[in-house]
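A short worksheet on the structure shown next.
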Amino acid sequence: METQVQIQDFFGPFVCDGDSISAQQDQFSFTATITHDPDTRPTDFDCYSPENIKSWKKEDWYFGVMGVSASYNDVLLDDCIVAIGGVNVNFPESDNSYLNEIAKELFDEALDEAHRALSMLRQSVCQEVA
């Protein structure tokens, strides 16, 4: 599926906790933010080498949660409309470019969810006014 939203910036080769990128589609604005995932450890999986685990323990890399907030005409619809956890951040010998691919997918999903959230909000407001 082709990305529907226009990404305005990208994650770089080193990502800190709290770093974010933005995207927009019509009146919808989205922000994908990386935060530390305290619940995921490399020992939860069979795919990490002892060297990977050692560098994780030294905090050379970490697992993150990528959460996307959605706004419509600068009105916040949801501060975390979609998210994914267990994402490798600053993994050894990685340029973090896959974080941008994950963000593209989440932005597309967030656009669909934002349309639903806006529809529900409009419905709720109209019922209260009536």
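None of the figures in this text is laboratory data; all of them are computed from the coordinates on show. Note that this is a predicted model, so its numbers are computed, not measured. We place every Cβ from the backbone using ideal geometry, glycine too, and count neighbours over all the protein chains shown.
With a 10 Å Cβ neighbour count serving as the proxy for reagent exposure, in which order, fewest first, do 29, 97 appear?
Ranked by crowding around the Cβ, least crowded first: 97, 29.
Please work out how much length the chain gains when fully extended from residue 36 to residue 119, using 0.36 nm per residue of separation minus the C-alpha to C-alpha distance, in nm with one decimal.
Difference between extended and current length: 26.7 nm.
What's the longest piece of the chain with no exposed chymotrypsin sites (Phe, Trp or Tyr not before Pro), counting a site as exposed if DSSP puts it in a loop and it has at most 13 other beta carbons within 10 Å?
Result for the longest clean stretch: 46-130.
Could you compute the longest span of the chain free of GluC sites (Glu not before Pro) located in DSSP loops and having at most 13 other Cβ atoms within 10 Å, not counting the site residues?
No qualifying site falls inside 3-58, the longest such stretch.
Calculate the FRET efficiency for residue 112 and residue 59 from the Cβ-Cβ distance with a Förster distance of 35 Å, rounded to the nearest 0.05.
My answer for the efficiency is 0.50.
Could you tell me which trypsin sites (Lys or Arg not before Pro) in region 37-127 are loop residues by DSSP with no more than 16 other beta carbons within 10 angstrom of their beta carbon?
Loop-located and lightly packed - 58.
Can you tell me the relative contact order of the chain? Whole percent, Cα pairs under 8 Å, sequence separation 6 or more.
Normalised by residue count, the contact order of the chain is 26 percent.
Please work out the FRET efficiency for the pair residue 9 and residue 126, using the Cβ-Cβ distance as r and a Förster radius of 35 Å; give the result to the nearest 0.05.
0.45
In nm, to one decimal, how far is the residue 46 label point from the residue 102 one, both placed 7 Å along Cα→Cβ?
Simple spin-label model gives 2.3 nm for this pair.
Under a GNM of the chain (C-alpha, springs under 10 Å), which listed residue has the highest mean-square fluctuation: 18, 64, 85?
18
Counting helices only, and only those DSSP H runs with n ≥ 4, report the 222 nm mean residue ellipticity of the chain as the sum of -39,500 (n - 2.57) divided by its residues, in deg cm²/dmol to the nearest 500.
Dividing the helical sum by the residues of the chain leaves -11000 deg cm²/dmol.
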